[in-house]
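What follows is a set of notes on a single structure, which appears directly below.
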Amino acid sequence: MKPTPQQTKNNRRTLSLSAVLFLAVAAAVRAQTLDSFNPGANNSAGALVVQPDGKILAGGNFTVLAGQWRYSIGRLEADGKADRRFAPAAVWSGDTPMVRTMVAQTDGKIIIGGLFTNLSGMSCNSFARLNADGTPDTNFTPVIIIGETPGFAGGLPEFDSSGSRF
């Protein structure tokens with residue numbers, strides 16, 4: 001059965017009202033989700049972890065994060081400003097070091113993996129653990145089995161708070 005002209009007109013009004021309502025809701029949601037958070041890394045930051053205190057760990061292949069020199073790893077306050085007390089430096093003997101992945105442990109320590117040979121003066125090969133303050137954990141001695149890409153830790157296994165693998 002073909003709708004009457006009045007039914008067609010009502011359907012168009014309903015559709016138009018629905019479209020306007022949808023656009024209004026979408027605009028309101030967008031306005032709520034966009035903010036001024038921009039920590040300004042000068043290159044990519046692909047590894048991000050939010051810590052229980054709201055601080056944000058960032059890893060990547062940047063040298064500047066939130067206006068501060070940070071070499072591949074840094075920590076931001078919840079508002080996006082640099083945590084000036086947390087300043088480890090990942091260094092690689094090749095072209096560009098990169099922290100590709102990280103895990104925050106329940107004890108506050110941070111396991112990182114990527115492309116680096118030195119972390120704040122401590123020799124390591126693409127895999128290290130930081131204390132909660134950003135200093136290298138010199139007691140962490142992982143056994144690394146090199147796979148297809150020597151010297152590059154792209155994913156991390158599960159560890160407990162003592163550093164033992166599950």
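Please enumerate the residues belonging to segment 69-89 that are farther than 16 Å from Asn131 by Cα and either in contact (Cβ under 8 Å) with a residue 40 or more places away in the chain or in a loop (DSSP other than H, G, I, E, B) (or both). Answer for segment 69-89, where residues must be farther than 16 Å from Asn131 by Cα and either in contact (Cβ under 8 Å) with a residue 40 or more places away in the chain or in a loop (DSSP other than H, G, I, E, B) (or both): Arg70, Ser72, Glu77, Ala78, Asp79, Gly80, Lys81, Ala82. Select from segment 37-62 the residues that are open to solvent by less than 80 Å² (accessible area, probe 1.4 Å) and charged (D, E, K, R) and list them in ascending order. The answer is Lys55, and nothing else. Within segment 63-90, being open to solvent by less than 30 Å² (accessible area, probe 1.4 Å) and hydroxyl-bearing (Ser, Thr, Tyr) holds for one residue alone: Ser72.
All conditions but one from (1) more than 22 Å from Pro39 (Cα to Cα); (2) buried (at least 21 other Cβ atoms within 10 Å of the Cβ) apply to Thr106; the one that does not is (2).
The values are calculated or read from the model by the stated rules, or taken from the named source; none is laboratory data. Predicted model, so just to flag it, every value in this text is computed and none were measured. Every residue, glycine as well, gets a Cβ built from its backbone with ideal geometry; the counts of neighbours run over all protein chains shown. Calculation scope for accessible area: heavy atoms of the full protein, side chains included, ligands and nucleic acids excluded. Shrake-Rupley method; radii C 1.70, N 1.55, O 1.52, S 1.80 Å.
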